[in-house]
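These notes concern the structure reproduced below.
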Amino acid sequence: MKKQILTTFFASIAMAGTMAQTGSVPRLVVGISIDQFRSDYLNAFMPLYGEGGFKLLLENGQVYSNVQYQHVPLDRASAIASIVTGTVPYNHGIIAEEWMSRTELHTNYCVDDRNFKGVETNDGSSPKNLLVSTIGDELKVATKGKALVYSVAPYREAAVLAAGHTADWAMWIDSQNGKWAGTTYYGQTPSWFRYLDGNAVADKISTLTWKPTNDVVGSYNYYLLTAQKPFSHHFTADSRFRVFKTSGLVNEEVTRAARSCLENGNAGMDDVTDFLSVCYYAGNFHPDNAVSTTTELQDTYIRLDAELSTLLKKIDQLVGLDKTLIYVTSTGYDEVDNSEELSQYRIPTGDFNINRCATLLNMYLCAMYGNGQYVESYYRNQFYLNHKLLEQKQLKLAEVLEHCEDFLFQFSGVRDVFTSHRITQGAWTPGISAIRNGFNPKCSGDIIVQVSPGWNIVDEDRNTKRMQRDSFFEFPLIFFGYTIKPEKVATPVTVDCIAPTVAHHIRIRAPNACSSAPLF
């Protein structure tokens, strides 16, 4: 009898623990990705922030101060995809915003898809190039489709990639018409999406003026030997919406759309965990004329702090911060200032002309193997060889790549040459590992040229010029809200840990290509 009572007692405890555990999940997950976000700027402008934005997150969140991406090169598209999938481009397939299509020999935008019409845009979009599942996808599967998954961003690729394959809606500001846009890939347009039409950027762009938030912002100066310049920007001409999306004003529009998701889209309104992805901008202003915009960047951070405060207050009002798991991180920092004239300071520099190099490389291969178009195409710092021609001539790809590598090393400014065989089959080093992680056999070139720091990769055909920099920029990862206790963590971590950490807290599987362990 005593044994039976004890058995019943322990069974009751186990059942109670199971019930408590089952109910102990956040009602909402909010993933905030800030494009071009940097720790040095975050800390530098701290005296200008309010109490409800960055300060609240840093004081009450679990803050990882040293966060890194595991792949190069880094841009917004590959970064967003890595955050939500918990893996690298080698697995998820998004190596950049654009890459060269081998079949069509023109650049392929990462979310273009002609099979689906745009909503309030001419661009057809889908996540078809994203090869693995996201945290939102796994949440949908785990809840048998009951969870709501939304994505809001100023940019098309950020919205679609963060939404994943199964989202209820993804929206962004169209660069041509200034309206909030979407895609029929995600099904019928939500009725609440129409609430945004009444105050779209397109309707007010002619009356918008971007000035410093206040006099304090205009007089505060973080930059070395850079005088603060008052600014007043209007948005005109055909590029007005594209330029607007690099201004400090764009984050107000993002917050407004995110609030609409929360207020009218029912996210976080029941016991089934929902997911909302929000992308903000904290990079340099890109006006049509090249001018110094240091004051504008400072004002962007101040405005971003205010928008974070507004969003957090709305979440607390509708759902409760204690019932919401929030993470905040950066897409990294990949912007390059091409306005610097290093030669006037006798700093080594120069131009590596990719189009001229492609012509010379093809002539070299013709001299070795006979006439033909061996270099099929090139893009940025990558060369794409003609595999069909090599097969016709019965040439071994590995041998041809080895000759190409020897030839390209002779060019001024070339620091290293990575062939597809060296990347996938060569000896492991930290540098090779980062390049391999950012490489994908289906869309990357056969040859990647790495120029020396300070040198420019110039494409005269596409009128582009990009300077190589290897500078390290620190950015944080902050977890906040649901059961999170304040803590400062200096141990280096990587962004692929975000997805499994979120999955652990909402008790679902991590994305299917994610092999990293949760952070806590």
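Numerical summary
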{"read-out": "Inter-residue pairs, beta-carbon under 9 Å, first within 17 Å of Y482 (Cα to Cα) and open to solvent by 10 Å² or more (accessible area, probe 1.4 Å) and in region 292-320, second of a type in the set (D, E) and in a helix (DSSP H, G or I), 6+ apart", "value": "K314/E263; D316/D322; L318/E263"}
{"read-out": "Filter result (surrounded by fewer than 24 Cβ atoms within 10 Å (Cβ to Cβ), in contact with a Lys or Arg (Cβ under 8 Å, 6 or more places away or on another chain) and free of Cβ contacts under 8 Å to residues at least 24 places away in the same chain) within region 156-215", "value": "D197, A200"}
{"read-out": "Tally, over region 123-155, of residues that are open to solvent by less than 10 Å² (accessible area, probe 1.4 Å), assigned to a loop (DSSP other than H, G, I, E, B) and farther than 20 Å from S191 by Cβ", "value": "6"}
{"read-out": "Filtered residues of region 437-467 (kept if closer than 18 Å to E402 by Cα and not β-branched (V, I, T))", "value": "P441, S444, G445, D446, Q450"}
{"read-out": "Selection count, region 424-478, where residues are crowded, with 17+ Cβ neighbours inside 10 Å, within 22 Å of the chain's Cα centre (by Cα) and assigned to a loop (DSSP other than H, G, I, E, B)", "value": "9"}
{"read-out": "Single condition F418 does not satisfy, out of (1) of a type outside the set (D, E); (2) assigned to a loop (DSSP other than H, G, I, E, B); (3) under 25 Å from L130 (Cα atoms); (4) over 19 Å from the mean Cα position of the chain (by Cα)", "value": "(2)"}
{"read-out": "Residues of region 312-336 satisfying the condition of being more than 16 Å from the chain's Cα centre (by Cα) and not aliphatic (A, V, I, L, M)", "value": "K313, K314, D316, Q317, G320, D322, K323, T324"}
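The values are calculated or read from the model by the stated rules, or taken from the named source; none is laboratory data. In this text the structure is predicted, and so the values were computed from the model without any measurement. Neighbour counts are summed over all protein chains in view; Cβ atoms, including those assigned to glycine, are modelled from backbone coordinates with ideal geometry. Protein only, heavy atoms only, side chains kept; ligands, DNA and RNA dropped before computing areas. Shrake-Rupley method; radii C 1.70, N 1.55, O 1.52, S 1.80 Å.
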